[in-house]
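Read-outs: derived from the displayed coordinates by stated rules, not from any lab. All values reported here derive from a predicted model rather than from experimental measurement. Here the Cβ positions follow ideal geometry from the backbone for every residue, glycine too, while neighbour counts run over all protein chains shown.
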Amino acid sequence: MILEVVKYGHPTLRQRGERIAAVTPEIRALAEDMLETMYDNRGVGLAAQQVARTLQLTVLDVREVTDRPSTMQIGGQPVTVAEQMPLVLINPEVTPTSEPVTGPEGCLSFPEMYAEITRPATVRVKAQNLKGEPVEFDCGGLLAKAVQHEVDHLQGILFSDRMTMKEREELKPDMDALQQETKAALAKKKKA
């Protein structure tokens, strides 16, 4: 089922997700719905907060992006990224393993807005999969950027928080308009 992707200004985007204690049928169904929603919106990642759920759950799939390659290693051995997709990460933890790099980033909760964001080029990820099993991998390129972006969402951090002051100022009119639109839609829903 395709879910609504909430936009900037929705309060859930600022809430830290709760740890998932057990992988229930409801969590599996939510992960499937999130994947379907992400694909429908042509995204490479989606966090639970973006579908108005405050949980430590994110989904990723970078296969469609060919101009910004990704790397992945499991147990120190390189693996084919496409064979590992899609990823469902429960209670993920990210540790930087290299120096920061700056590159373009967008967000489904900020339609048509992009900025240059600085993040570590490579990271180590520890999480659980949909079977409740531990997963651990190192990644770089777009996958590293996407994982960090989604894990930020799980902590209530938005990519606008990572923008330079100059970029934030340039995007301020668009962000303010989106926030007002979101708040007006929420107020209308409450009245209904």
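Relative contact order (percent) for the chain, with alpha-carbon contacts under 8 angstrom and 6 or more residues of separation?
The normalised contact order for the chain reaches 26 percent.
Residue by residue, what Karplus-based ³J(HN,Hα) values in Hz, rounded to whole numbers, does segment 44-58 have, using 6.51, -1.76 and 1.60 with θ = phi - 60° and x for Gly and Pro?
So the Karplus estimates, Gly and Pro as x, are 10, x, 8, 9, 4, 4, 6, 10, 6, 10, 9, 10, 8, 9, 9 Hz.
Among 122, 100, 135, which residue has its Cα positioned farthest towards the positive end of the charge dipole of segment 51-174, with +1 placed on the Cβ of Lys and Arg, -1 on the Cβ of Asp and Glu, and the dipole taken about the Cα centre?
Result: 135, furthest along the dipole toward the positive end.
Can you tell me which of 103-114, 152-163 comes out highest on packing, and rank the rest after it, using the mean Cβ neighbours within 10 Å?
In descending order of packing, they fall as 152-163, 103-114.
For the chain, set up a Gaussian network in which alpha carbons nearer than 10 Å are linked by springs, and say which option among 121, 47, 21 fluctuates the most.
Evaluated over the chain, the most mobile residue of the options is 21.
Using the Cα centre as the reference, give the magnitude of the dipole from point charges on the C-beta atoms of segment 11-191 (Lys, Arg: +1; Asp, Glu: -1; all else neutral), rounded to the nearest 20 debye.
Using only the charged Cβ atoms, the result is roughly 680 debye.
Does a label point 7 Å from the Cα of residue 187, set along Cα-to-beta-carbon, have any residues of segment 109-153 with amide nitrogen under 16 Å, and which are they?
none
Considering only lysines 8 or more places apart in sequence, or on different chains, count the pairs in segment 11-191 whose C-alpha atoms sit under 30 Å apart.
Step by step, the pairs that qualify in segment 11-191 add up to 12.
Enumerate the residues in segment 87-122 having an amide nitrogen under 16 Å from the point lying 7 Å beyond the Cα of residue 71 toward its Cβ.
Backbone N within reach: 96-102, 120-122.
Whole angstrom only: what separates the Cα centroid of segment 120-172 from the Cα centroid of segment 9-37?
Between the Cα centre of segment 120-172 and that of segment 9-37, the gap is 16 Å.
Alpha carbon centre of segment 44-63 versus segment 87-114: separation in Å?
Taking the Cα centre of each part, segment 44-63 and segment 87-114 sit 11 Å apart.
Residue 126 to residue 26: extension gain in nm, 0.36 nm per residue of separation minus the Cα-Cα distance?
Gain in length upon complete extension: 33.8 nm.
Remind me, relative contact order of segment 1-77 in percent, using alpha carbon pairs under 8 angstrom and six or more residues apart?
Computed over segment 1-77, the figure is 36 percent.
What is the order of 37, 164, fewest Cβ neighbours within 10 Å to most? It would help to have the intermediate numbers written out before the result.
On the way: 37 20, 164 13.
Starting with the residue having the fewest Cβ neighbours, the order is 164, 37.
Contour minus end-to-end for residue 79 and residue 1, with contour as 0.36 nm per residue of separation and end-to-end as the Cα-Cα distance?
My answer for the length gained is 25.0 nm.
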